[in-house]
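K.L.:
If you scroll down you'll find the structure; I have some questions about it.
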Amino acid sequence: MTGHNPGMNVTGHTRRSVSIRDVATAAGVSYQTVSRVINDHPSVKPSTRERVLAAIDELGFRRNSTALALASGRSRAVTVLTSNTTHYGYASVLQGIEEAARAASYTVGIGVLESADGADEADVAAQVQRSADAGGGLIVIAYDPAGVRALGAVPTDLPVVGVVETPASPPRDDRPWVWADDREAAYKATRHLLSLGHKTVHYVAIPSSTRRTSARTSGWQQALKEAGASQPRPLQGSWGPAGGHAAGLKLAGNPDVTAILCGNDDLALGVIRALHETGRAIPGDVSVAGFDDAPHSAYLTPSLTTVRLDFTGLGRSAFALLHGVLEESAPIAPHPVSVPELVVRESSGPPPGRE
């Protein structure tokens, strides 16, 4: 008894898998039209749909996991585009997406973006296109310039949700974005430090997703302005402890610095190390507050005052929004996800001479 392996040609060599672009070429349509057919989009003319389905059958594209979803009219897969999979916020969002997708019997693929500021627009578009070719929907974590560029390069007909910084102004209703309220979180942390008696609060910032002032920086500035406190120039850090350490060494030499807010808990870790090295006591000489409530924050010495953001819940909400679009059961609407929670620990206290 003999049989034909569709993955082999007559010479016994493995045949290249059929892509969505191959189907588009065979059917004489754009790859976006093939994507619409795969996702059962109502805007495709019946004659065009029949032509695309015939090309899918002829080329054996049904053997692709995306095409198999044609049986139900929906692709049960999502791709997440991100420039980082290790930083706490990014990783926690990914965790939430995967948890929610698994519960809905969806598979999740991850595409890692080139994070360099000088990344070519064509490279970004190519990465987005590879994700579009996989079918299903797309979630873009746009916490940095690479993510913002990728979100802007997504074809208009591809279901997509953006996980973004807090927008400077309310986005249009047709922008399916979710975010945690970074501005309110920074405001709460700064107000807490001012309430302890500090004359002002210095700030070590994480990189912004755009050239504009980040939401975290805006929240810090708003709290200082309302209190009539001076606004020191923020120090630009990185995402990790090394950036916090470098900024901490600069701040430690200024005796007027009695309170420091850090753009994330990893920066705070570096700042605490720098203050320790220079003999500044925490919180006796300088209070330090972080951002995000990463798992290690409660176990530092001293334990870190921080602002808790539910990144895992944010990931679950991002998938829920995309799932509603894919299943046509919920409207697209941008919305914040969670209220930040101030977590007061040992690293914050009154300034020197005030108990």
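K.L.:
Looking at A153, A186, A146 in this structure, which one is within 20 Å of R36 (Cα to Cα) and out of contact with any strand residue (DSSP E or B) (no Cβ under 6 Å at 6 or more places or on another chain)? Before the answer, list the steps.
P.N.:
Working: A186 fails: within 20 Å of R36 (Cα to Cα); A146 fails: within 20 Å of R36 (Cα to Cα).
Of A153, A186, A146, the one residue that is within 20 Å of R36 (Cα to Cα) and out of contact with any strand residue (DSSP E or B) (no Cβ under 6 Å at 6 or more places or on another chain) is A153.
K.L.:
Within the stretch 60-99, restricting attention to residues that are at pLDDT 85 or above and of a type in the set (A, V, I, L, M), which residue is farthest from Q32 (Cα to Cα)?
P.N.:
Ranking the candidates gives A91 first.
K.L.:
If V257 satisfies all but one of (1) assigned to a helix (DSSP H, G or I); (2) buried (at least 20 other Cβ atoms within 10 Å of the Cβ), what's the number of the condition it fails?
P.N.:
(1)
K.L.:
Here's another thing I want to ask about it. For the stretch 189-206, how many residues meet the condition of being open to solvent by 10 Å² or more (accessible area, probe 1.4 Å) and touching a helix residue (DSSP H, G or I) at 6+ places or on another chain (Cβ under 8 Å)?
P.N.:
5
K.L.:
Return a yes/no flag: does the stretch 211-225 have any residue that is out of contact with any Phe, Trp or Tyr (no Cβ under 6 Å at 6 or more places or on another chain) and among the aromatic types (F, W, Y).
P.N.:
At the first step, the residues of the stretch 211-225 found to be out of contact with any Phe, Trp or Tyr (no Cβ under 6 Å at 6 or more places or on another chain) are 211-218, 221, 224-225.
From the residues that got through so far, the ones that are among the aromatic types (F, W, Y) too are none.
Within the stretch 211-225, not a single residue is out of contact with any Phe, Trp or Tyr (no Cβ under 6 Å at 6 or more places or on another chain) and among the aromatic types (F, W, Y).
K.L.:
What residue, among those in the stretch 274-294 that are in a loop (DSSP other than H, G, I, E, B) and under 30 Å from the mean Cα position of the chain (by Cα), is nearest to H198 (Cα to Cα)? Let's see the steps before the verdict.
P.N.:
Here is the first cut: in the stretch 274-294, the ones in a loop (DSSP other than H, G, I, E, B) are 278-286, 290-291, 293-294.
If we keep only those that are under 30 Å from the mean Cα position of the chain (by Cα) as well, we get 290-291, 293-294.
On the way: G290: 16, F291: 19, D293: 22, A294: 25 Å.
Once the filter is applied, the top-ranked residue is G290.
K.L.:
Which of the helices (runs of 4 or more DSSP H) found entirely inside the stretch 107-196 contain at least 2 residues meeting this: more than 13 Å from the chain's Cα centre (by Cα) and aliphatic (A, V, I, L, M)? It would help to see each step written out before you state the result.
P.N.:
Numbers: elements: 121-133, 145-152, 182-195.
Passing ranges, in order: 121-133, 182-195.
K.L.:
So which of T11, T25 ends up being out of contact with any Cys (no Cβ under 6 Å at 6 or more places or on another chain), modelled with pLDDT under 90 and hydroxyl-bearing (S, T, Y)? Walk me through it before giving the result.
P.N.:
Working: T25 fails: modelled with pLDDT under 90.
Matching residue, one of T11, T25: T11.
K.L.:
Of the conditions (1) surrounded by 24 or more Cβ atoms within 10 Å (Cβ to Cβ); (2) touching a strand residue (DSSP E or B) at 6+ places or on another chain (Cβ under 8 Å), D266 clears all except one; give me its number.
P.N.:
Among (1) surrounded by 24 or more Cβ atoms within 10 Å (Cβ to Cβ); (2) touching a strand residue (DSSP E or B) at 6+ places or on another chain (Cβ under 8 Å), D266 violates only (2).
K.L.:
Let me ask another. Just give me the residues in the stretch 212-231 being assigned to a loop (DSSP other than H, G, I, E, B) and closer than 19 Å to A185 by Cα, in sequence order. First the steps, then the outcome.
P.N.:
Just the residues of the stretch 212-231 that are assigned to a loop (DSSP other than H, G, I, E, B), to begin with: 212-214, 228-231.
The answer is R212, T213, S214, A229, Q231.
K.L.:
I need the full set of residues from the stretch 295-308 which are open to solvent by less than 10 Å² (accessible area, probe 1.4 Å) and either farther than 13 Å from V343 by Cα or outside any strand (DSSP E or B) (or both), in order please. Spell out how you get there, then give the answer.
P.N.:
The first filter runs over the stretch 295-308 and keeps only residues open to solvent by less than 10 Å² (accessible area, probe 1.4 Å), leaving 297, 304-307.
Correct list: S297, L304.
K.L.:
Restricting to the stretch 197-211, name every residue that is of a type in the set (F, W, Y) and in a loop (DSSP other than H, G, I, E, B).
P.N.:
Kept after step one, since they are of a type in the set (F, W, Y), are these residues of the stretch 197-211: 203.
Once the filter is applied, which keeps residues that are of a type in the set (F, W, Y) and in a loop (DSSP other than H, G, I, E, B), the stretch 197-211 yields nothing.
K.L.:
Is it fair to say V271 is in contact (Cβ under 8 Å) with a residue 60 or more places away in the chain, of a type in the set (A, V, I, L, M) and in a helix (DSSP H, G or I)? Lay out the reasoning, then the answer.
P.N.:
Values: in contact (Cβ under 8 Å) with a residue 60 or more places away in the chain: yes; of a type in the set (A, V, I, L, M): yes; in a helix (DSSP H, G or I): yes.
Criteria met by V271.
K.L.:
I need every pair where a residue in the stretch 98-126 that is more than 23 Å from W239 (Cα to Cα) and loosely packed, with under 11 Cβ neighbours inside 10 Å has its Cβ under 8 Å from the Cβ of a residue that is at pLDDT 80 or above and aromatic (F, W, Y), sequence separation at least 6 or different chains.
P.N.:
Sorted first by the residue in the stretch 98-126, then by its partner, the list stays empty.
The values are calculated or read from the model by the stated rules, or taken from the named source; none is laboratory data. It should be emphasised that the depicted structure is a prediction, and the values quoted were computed from it without experimental measurement. So basically every Cβ, Gly included, is an ideal-geometry build from the backbone, and we count neighbours across all protein chains shown. Calculation scope for accessible area: heavy atoms of the full protein, side chains included, ligands and nucleic acids excluded. Shrake-Rupley method; radii C 1.70, N 1.55, O 1.52, S 1.80 Å.
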